[in-house]
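The values are calculated or read from the model by the stated rules, or taken from the named source; none is laboratory data. Because the structure is a prediction, the values reported are computed rather than measured. We place every Cβ from the backbone using ideal geometry, glycine too, and count neighbours over all the protein chains shown. Accessible surface is based on the protein model in full, side chains and every heavy atom, while ligands, DNA and RNA are left aside. Shrake-Rupley method; radii C 1.70, N 1.55, O 1.52, S 1.80 Å.
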Amino acid sequence: DTTFIFDAQVFDVFRIIHFSTISWTAVVKSLWTILGLSCFSVVNVPINIPAFANTCKVDVDMNNELIAHGYSNILNGLLGGIQNVMTYSVSVLFYKSGGRSKAAQVIMVFGLVVFFRGVP
């Protein structure tokens, strides 16, 4: 018996969606919005990370930031999560209110998991 990262509920969406009932016209009309969001995502990290570094007087490695965002978005996509987008103001607030330590970051991640997943 191997452990699979997904439970049976993850794939329920494919059992309840009937592709014949989808308004493909609406899907086509929304493609420009999806393209716009994708373009925003591409420019978000290169703009916000240097601004964050300048505001908080810290050094950042853009390669590491881009790689981390890439992995995080791939993992979120595979697990059915939402896209990871750095929110400049929240990141500055977190950093300036003591979120510099690894422990604070782990606690924040745990809190977000509990918030979005719900307490079992």
| request: Only residues that are open to solvent by 50 Å² or more (accessible area, probe 1.4 Å) and of a type in the set (A, V, I, L, M, F, W, C): list them for region 39-61, please. | output: Cys39, Phe40, Val42, Val43, Ile47, Val60
| request: Would you point out which residue out of Leu79, Leu75 is in contact (Cβ under 8 Å) with a residue 40 or more places away in the chain and within 15 Å of the chain's Cα centre (by Cα)? | output: Leu79
| task | Would you check which residues across region 67-88 are modelled with pLDDT of 80 or more and out of contact with any helix residue (DSSP H, G or I) (no Cβ under 6 Å at 6 or more places or on another chain) and list them? | result | Ile67, Ala68, Gly70, Tyr71, Ser72, Asn73, Ile74, Leu75
| message | Go through region 8-24 and report how many residues are open to solvent by 70 Å² or more (accessible area, probe 1.4 Å) and assigned to a helix (DSSP H, G or I). | response | 10
| For region 82-92, how many residues are under 13 Å from the mean Cα position of the chain (by Cα) and either β-branched (Val, Ile, Thr) or open to solvent by 90 Å² or more (accessible area, probe 1.4 Å) (or both)? | 4
| message | Can you find a residue that is more than 30 Å from Phe11 (Cβ to Cβ), open to solvent by less than 90 Å² (accessible area, probe 1.4 Å), aliphatic (A, V, I, L, M) and free of Cβ contacts under 8 Å to residues at least 60 places away in the same chain anywhere in region 101-108? | response | yes
